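Down below is the structure, laid out as structure tokens.
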Amino acid sequence: MSRCLFGALALLAGVESARAQARAGADVAPPARPSLIVLITVDQMRADYLDRFGPQLNGGLARLVRGGARFTNAHHDHAITETAPGHATLLAGRFPRSTNIWSNWAGVEDSGAPLIGTAIERGASPARFRGTTLVDWLRAGDPRTRALSVSAKDRSAILPVGRAREQVYWYVPDGRFTTSAYYAESLPSWVRAFNDRHSAQRRAGQAWQLALPDTAYPERDSIEFEAGGQDFTFPHQVPVDSAAAASYVRVTPWIDEVTLDLALEGLRSLPLGRGPQTDVLSVSLSATDFIGHRYGPDSREMHDQVVRLDRALGGFIDSLYRLRDSARVALVLTADHGVAPIPELAPSGARPGPARVDLQPLIERTHAALRAAAADTGMVVVEPPIVVLNRPALKRTRVNADSLVARLAADARQVPGVLRVDRWRDLLKADQSTDAIARRWVHQFPADAAIELVVTLTPGSVWRAYAPVTTHGSPHDYDTHVPLIFYGPVFRPGRYEEFVRTVDLAPTLASVAGVKPVEAVDGVVLRRIFK
């Protein structure tokens, strides 16, 4: 049996095992309802970080690992493992094909929802999001339910709570947290007061130093592939100009500290988690993603970031439990995706060797053929990893759509770094029990997306256009495998090794809160972890 087939069967067995456990545990008594559910999402947190750096962790991450119900084989079971799709699935319990958030560029940008209190023109809202989330399910049971969602990124703050018009705030490069007109006409006084502290600007002129002695880091600190060959060794100096510092802080561990501080200020200022109903606090931490893209997952910078994240989460959890009764808090930690290693640093014996893949020559040839046929080049959109055709428009020209798709697929398969090119209609007929890549692609797109082709790269390869150093976004396990830890008095601590999916998170939390989804979901309740 091939390694790929064996792995696919193992994943399928894991899915069936989780479903069997859900059925077998149907008679488990529901746990006491929490007054506050806290979702902590660490952007680009690979699951292996917890073990790789575990011996040096003694803060929040260590606390969750030791005292939580930890699933070691949790995956995002969709193909485009990016920030927007990942965050949208977590409290929805549904795949991107259902949420309609299937890529970052089809995410939250919305010129009709301008930002408040900033000159930045880019607006944002959940207008593209379809369906409901845990917040809606809770409010259906008790209209008093409220939510607060914060992040350094707009999509990471917006998408976990779906279309709910709750308190949602994100960081902008001028050093402030804001929201958009979708949610409010002005910032509340507590957010304005927080912004007036200028937490990011106060880092101007400081240096990001190692948190541990130099000997604690086995990684070399002289990898010129990192950060484009600029600023790739410690210490990392923050610009002395306060405006420049506010932007630079995003690629340091300090942006997580600022985000956690805002979340705690929200708990001090709002009645969230104080009433008889269940409220939701969603905190998405972005530093791991910013640092991972800039320096890679195997860098000294990433090592130090995880150490500092552990400390920051330790302080956050301690403060959380001073502000709210720990006996009534259910906390979950996960991630929106993983990341690929820097392709140029792959072992010399890796076959096929990871590549930086460029489809631009193929796109140019396709556009030239369309112009020769007097057809508009906009009839064919190649936005790696997908190809979309305007078939009605092509039908009015001399271009045969099926022949064009076949030629595109054949040409793409010849590009170094391309593993497979699938027609969408063929994926729908594939055996998803033996083909994990096909299954993840099928989970990606809504029926009206008009996808013609999807391109899967070889393991470790990245799209040249989107990877200054390295990136994510593939259906391979290094991008789908994320931490998943449930923590609190209602959960049975332990290490759970069966295959589970991040869409299981929301229905599990709904069960803990004593509510049910108001629509069909893709996830199951992980009852095994209930006390």
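The values are calculated or read from the model by the stated rules, or taken from the named source; none is laboratory data. Remember, predicted model here, so these are calculated numbers, not experimental data. Counting neighbours? That spans all protein chains shown, and the Cβs are built from the backbone with ideal geometry, glycine included.
Key figures for this structure:
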item: In the stretch 518-531, residue surrounded by the fewest Cβ atoms within 10 Å (Cβ to Cβ) [restricted to those that are under 23 Å from the mean Cα position of the chain (by Cα) and under 20 Å from Val490 (Cα atoms)]; result: Val524
item: Scope the stretch 506-531; condition in contact with a Gly (Cβ under 7 Å, 6 or more places away or on another chain) and closer than 20 Å to Val135 by Cβ; matching residues; result: Ala506, Pro507, Val515, Pro517, Glu519, Val521, Asp522, Gly523
item: Candidate set from the stretch 165-181 (those that are out of contact with any strand residue (DSSP E or B) (no Cβ under 6 Å at 6 or more places or on another chain) and buried (at least 20 other Cβ atoms within 10 Å of the Cβ)); member that is farthest from Gly266 (Cα to Cα); result: Gly175
item: Any hit, the stretch 428-437, residues being in contact (Cβ under 8 Å) with a residue 24 or more places away in the chain, part of a helix (DSSP H, G or I) and closer than 20 Å to Arg97 by Cβ; result: yes
item: Subset tally (residues that are surrounded by fewer than 24 Cβ atoms within 10 Å (Cβ to Cβ), of a type in the set (D, E, K, R) and outside any helix (DSSP H, G or I)) for the stretch 289-346; result: 3
item: Any hit, the stretch 19-30, residues being of a type in the set (A, V, I, L, M), within 19 Å of Leu90 (Cβ to Cβ), part of a helix (DSSP H, G or I) and at pLDDT 50 or above; result: no
item: Residue list for the stretch 184-239, filter: among the acidic types (Asp, Glu) and either over 27 Å from the mean Cα position of the chain (by Cα) or not in a loop (DSSP other than H, G, I, E, B) (or both); result: Glu185, Asp196, Asp214, Asp221, Glu224, Glu226
item: Number of positions in the stretch 206-242 that are modelled with pLDDT of 95 or more and farther than 26 Å from Arg52 by Cα; result: 7
item: Number of the condition not met by Leu419 [criteria: (1) among the hydrophobic types (A, V, I, L, M, F, W, C); (2) in a loop (DSSP other than H, G, I, E, B); (3) surrounded by fewer than 18 Cβ atoms within 10 Å (Cβ to Cβ); (4) at pLDDT 95 or above]; result: (2)
item: Criterion (crowded, with 16+ Cβ neighbours inside 10 Å, over 26 Å from the mean Cα position of the chain (by Cα) and touching a residue at least 40 places away in the same chain (Cβ under 8 Å)) met by exactly one of Leu453, Leu404, Leu408; result: Leu408
item: Candidates Gly349, Gly315 - the one that is assigned by TED's automatic domain parsing to the domain that holds Asp479, among the small types (Gly, Ala, Ser) and more than 17 Å from the chain's Cα centre (by Cα); result: Gly315
item: Residues of the stretch 62-92 satisfying the condition of being more than 30 Å from Leu453 (Cα to Cα) and under 18 Å from the mean Cα position of the chain (by Cα); result: Phe71, Thr72
item: Test: residue in the stretch 365-383 that is under 24 Å from Ala84 (Cα atoms), outside the structural domain of Ser98 (by TED's automatic domain parsing) and either modelled with pLDDT of 95 or more or loosely packed, with under 15 Cβ neighbours inside 10 Å (or both); result: yes
item: Pairs where the first residue, in the stretch 108-127, is touching a residue at least 60 places away in the same chain (Cβ under 8 Å) and buried (at least 16 other Cβ atoms within 10 Å of the Cβ) and the second is aromatic (Phe, Trp, Tyr) and part of a loop (DSSP other than H, G, I, E, B), C-beta under 7 Å, 6+ apart; result: Ala113/Tyr182
item: Qualifying residue in the stretch 473-490 (condition: in the same structural domain as Gly229 (by TED's automatic domain parsing), over 16 Å from His76 (Cβ atoms), surrounded by fewer than 24 Cβ atoms within 10 Å (Cβ to Cβ) and among the hydrophobic types (A, V, I, L, M, F, W, C)); result: yes
item: Any hit, the stretch 323-331, residues being within 21 Å of the chain's Cα centre (by Cα), modelled with pLDDT of 95 or more, farther than 29 Å from Phe445 by Cα and aliphatic (A, V, I, L, M); result: yes
item: Within the stretch 347-387, considering residues that are outside any strand (DSSP E or B) and basic (Lys, Arg), the one nearest to Val454 (Cα to Cα); result: Arg365
item: Selection from the stretch 191-217 of residues that are among the aromatic types (Phe, Trp, Tyr) and either within 14 Å of Gly117 (Cα to Cα) or outside the structural domain of Arg250 (by TED's automatic domain parsing) (or both); result: Phe194, Tyr217
item: Gly349 vs. criteria surrounded by fewer than 19 Cβ atoms within 10 Å (Cβ to Cβ) and more than 30 Å from Arg492 (Cα to Cα); result: yes
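Every residue, every condition in (1) touching a strand residue (DSSP E or B) at 6+ places or on another chain (Cβ under 8 Å); (2) part of a loop (DSSP other than H, G, I, E, B), yes or no:
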| site | (1), (2) |
| --- | --- |
| Trp105 | yes, yes |
| Ala113 | yes, yes |
| Ile120 | yes, yes |
| Pro126 | no, yes |
| Gly131 | no, yes |
| Val135 | yes, no |
